[in-house]
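Beneath this line is the structure, given in structure tokens, with notes to follow.
Values in this text are rule-based calculations from the coordinates and carry no lab data. Please read all numbers here as calculations on a predicted model, not as lab measurements. Cβ atoms come from the backbone with ideal geometry, glycine included; neighbour counts cover every protein chain shown.
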Amino acid sequence: MFGKAGHLGPLETRKRLLIAESELNRIRLSQEWQTMADGVHNLADRAKTMGAWASAVALLGASLLARRRSPPASGGPRGSWFQKILNIARLASTIGFALRAFRQKE
């Protein structure tokens, strides 16, 4: 094939150069597309992490705000210890999930 390069006409040479250039452009486009896709995946992962953190912070803030606004009535029945443990466990698990999601992204 390369031995016959002297016998190729100018149109055939031009055609082969254009085909080679097209292949290079396809490879370059594929690489750029992969780079862009990786960037989008990275952005989505960051958004998920921020969502988990925002959820945990919102839950913590709401819990603290609710606790501050409704002090227990003096002399009245207070919440059961079991309910308090459940609330603490729920809060801890939410924060734990957010921390785990954050650590996995690092």
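Nearest 0.05, what FRET efficiency do Val57 and Trp81 give at R0 = 35 Å with Cβ-Cβ as r? Display every interim value, and only then the final one.
Numbers: r = 27 Å, r/R0 = 0.76.
Once rounded, the FRET efficiency stands at 0.85.
If R₀ is 35 angstrom, what is the calculated FRET efficiency for the pair Asp45 and Leu17, using the beta carbon separation as r and rounding to 0.05?
Numbers: r = 42 Å, r/R0 = 1.21.
The calculated FRET efficiency here is 0.25.
Put a dot 7 Å past each Cα toward the Cβ at Gln34 and Ser93; how far apart are the dots in nm?
Result for the modelled spin labels: 4.2 nm.
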